[in-house]
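One structure is given here, and the rest of the page talks about it.
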Amino acid sequence: MTTTVPETTVPHTWADVEVNLAKELPGYEPRIPQQVLAISIEEALTEGQHLLAQAGCGTGKSIGGTVPMILAAIQQNSRVVVATATKALQEQYAVKDLPFLQEKSGIPFTWALVKGRSNYVCMAKLAGDDMERHPVALAVREDLDADPDHDCARENSATEIDDMSWGKLSSTSNECPGKSECPFGAVCKAEAVKERGQQVDVVITNQAMLMTDVAIREKTRDREQGPVAMLGDYDKVLFDEGHELPEYAMNALGKDISGMGLAITVRDVISFAALHGTDLSHRGESMGVIADKLNDLLLPLGGEAVTLAWFAENYEPFAEVMELFKLLRLDLQSLEIRNEADKENARRKILLTKVASAMATLEELLISEDADRVRWVETYEVRGDQRWRMKVAPVQVGPWLQANLWPFVTAVIMSATLSAGVNPDGSKDFSYIERTLGLYGARSVDVGTPFDFGKQALMFVPGQTIPNPKDRAAWMAWSVGATLELIDQAKGGALLLFTSRTAMKEAYENLSERLEDRGLTALMQGDGRTNKELARIFKEDTHSVLFALKSFFVGVDVPGEACRLVIIDKLPFPVPSDPIFAARSLAEERAGRRPFSTLSIPMMTLTLEQGVGRLIRTKEDRGVVAIMDSRLSSTPYGRSIVKALPDFPTTTQLSHVGEFFAGKSFGR
């Protein structure tokens, strides 16, 4: 992106930028939480310290967070990476925030949006014979004919591209042999975007891409020519939606392999060899025999963790897969390409990379230490057939980040939900995220909220006499009636968030007909419509009730009257049998800590904070949050969780909800 310098004073601080914004924008009003955020970041950057910054909805954190990072980068002749968790926020930075700052702030800077390789068309795949007459491939070629510099990103195509077609046209890191090894490297669209990104002051990317960059740097740090740096050199990082960082770090370090994936790779190699006159059908027969053994072994283990000792006892089929893939690699290497050498060699290298990636994952599954990694089996269904997927991931990501990221950058971790409790002095407790990220000694700040929760919101928590969810029958009888009463008082506009699919379906069955009888629209996640479609209907129909799961706890922005009631069915305890949670609990015990206090409660608190945060999105919003779990009032840990949530007035009386919707304020 080109630099634009407005006719204003070139700023050096956030205060200078605010002066420019006031000149450029009639009626500009400073926001105190945004000022606190920006000044805290300036101070942290000056001291070279990492910062954990909690900034709620309405703060203006994308501008307040980005400006001091850009100013420091420009002044120090360095570069900054802004990494988001979601594509929606990434697009907000690229389409709205950074163009706005270029036009209005007076800061002379350049920026670029850089996404992962799978977001762009693979030119080697586009040249494949199977793509010669494919309608989507034809549309992509039309885009390129009209504009040879078209980036070939999926969302920038003039044609809607379905997932199956995109999988045939794009390349993942498990397939791409790299620019220097691919005959189409010189015209690779992903590489072109990456190279442009290395020339600018500010890179907008996602956390997955940044974590992959850090992982590749680690693996290539000892190269004579220096480490591979997908995003170029940078020494400042802003993580927006930073509460998601642990998961993205774990995904970057984790690997997975599936029976279907192995079979597809073998099939693709056999098909490619057949095109060049070599019959490898016997490899497919071998894979079929091995697949039966693996299915018998792994399908009964869905949801269970497996150890090195288990692999030692069941080593044979995995060794057979490894041997088969070694043979496939030799087959590909010795294959004589008949024609169109560049195009066919590109396909061969893609297949060689897929084979090598599968072998590397198998090796990690077989040799990584139990104390460092957790392995587990997942099962899923495809057209009525049960399939398996085996995963391996680190138990903790903090030590890896401590070794490979924090010493090399100054980082700001920014989110509406970072603290998971309250300290004795009343300040927010950031110890859980510090420990999870290995970010000890970082500064922390909670910048507050621009909203008046005393007037805008009310929280309902059941009193101590209400049945505990452990007494399921009694609690369900109360919960169904109380939920219906809450919805009646709100007259719809209700987002119902559940901790399990079973609970959601049961509530929907109990309530949907009664809601429809009241003229309300009942929607349920998983009813055949996408989450995006459900969110759209919920926004447009102000008398709808949406039954939803954890994916609606975060990232759903429904301002205004459409969402005036949020109901959370019960405390979202982590599932004890979840392999990663179980491994982390064991690690906490070995460190002399109580997992319930140091893991379960913080995880629950953060999830509840995210769910509660769906309610108040603007200064005009008004509504009620109800958490239907009496343990919040009857247990010490429940009362501590309530203190950590947004500072809503709280009641145990359902009648107060009706009074609130009638206009009464319960502000302290």
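Table for the structure above
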read-out: Candidate aspartates and glutamates - alpha carbon under 14 Å from Lys326, same-chain residues fewer than 8 apart omitted; value: Glu363
read-out: Three-way shape call for the stretch 224-313 based on the alpha-carbon gyration tensor, with the a/c threshold at 1.5; value: oblate
read-out: Proximal charge balance of Val554 [Cβ under 14 Å; K/R count +1, D/E count -1]; value: -2
read-out: Pairs from Lys87/Lys550; Lys570/Lys619; Lys619/Lys664; Lys125/Lys293; Lys470/Lys505 whose Cα-Cα separation, in the structure shown, is over 22 Å; value: Lys570/Lys619; Lys125/Lys293
read-out: Heavy atoms of Asp145: accessible area, 1.4 Å probe, square angstrom to 10; value: 130
read-out: Accessible area expressed per residue, the chain, with surrounding protein chains retained (probe 1.4 Å, Å²); value: 45
read-out: Gyration tensor (alpha-carbon) shape descriptor, the stretch 208-255, a/c threshold 1.5; value: oblate
read-out: Pairwise centroid distance, computed over Cα atoms, of the stretch 277-294 with the stretch 339-401, Å; value: 19
read-out: Using a Förster distance of 51 Å, the FRET efficiency for Glu620-Ser78 (Cβ separation, nearest 0.05); value: 0.80
read-out: Ser640 accessible area, assembled protein chains, probe 1.4 Å, Å²; value: 50
read-out: DSSP-defined antiparallel bridges as percent of all bridges, the chain, nearest 5; value: 30
read-out: Sequence of Ile32, Ile257, Ile466 when ordered by accessible area, the most exposed leading, probe 1.4 angstrom; value: Ile32, Ile466, Ile257
read-out: Distance between the stretch 153-212 and the stretch 514-588 - C-alpha centres, whole angstrom; value: 33
read-out: Helical contribution to [θ] at 222 nm, DSSP H n ≥ 4, -39,500 (n - 2.57), averaged over the chain, rounded to 500; value: -14000 deg cm²/dmol
read-out: Local electrostatic count at Asp629 - Lys and Arg +1, Asp and Glu -1, tallied over other residues with Cβ under 14 Å; value: +3
read-out: Listed residues Ile63, Ile568, Ile74 arranged by accessible area, highest first, probe 1.4 Å; value: Ile74, Ile63, Ile568
read-out: Solvent-accessible surface ranking, highest first, for Phe184, Phe547, Phe573 at 1.4 angstrom; value: Phe573, Phe184, Phe547
read-out: Area of Arg617 that stays accessible when all protein chains are in place (1.4 Å probe, Å², to 10); value: 40
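The values are calculated or read from the model by the stated rules, or taken from the named source; none is laboratory data. The structure displayed is predicted, hence computed values, not measured ones. Counting neighbours? That spans all protein chains shown, and the Cβs are built from the backbone with ideal geometry, glycine included. Ligands, DNA and RNA are stripped out before the accessible areas are found, and what is left, the full protein with its side chains, is counted by its heavy atoms. Shrake-Rupley method; radii C 1.70, N 1.55, O 1.52, S 1.80 Å.
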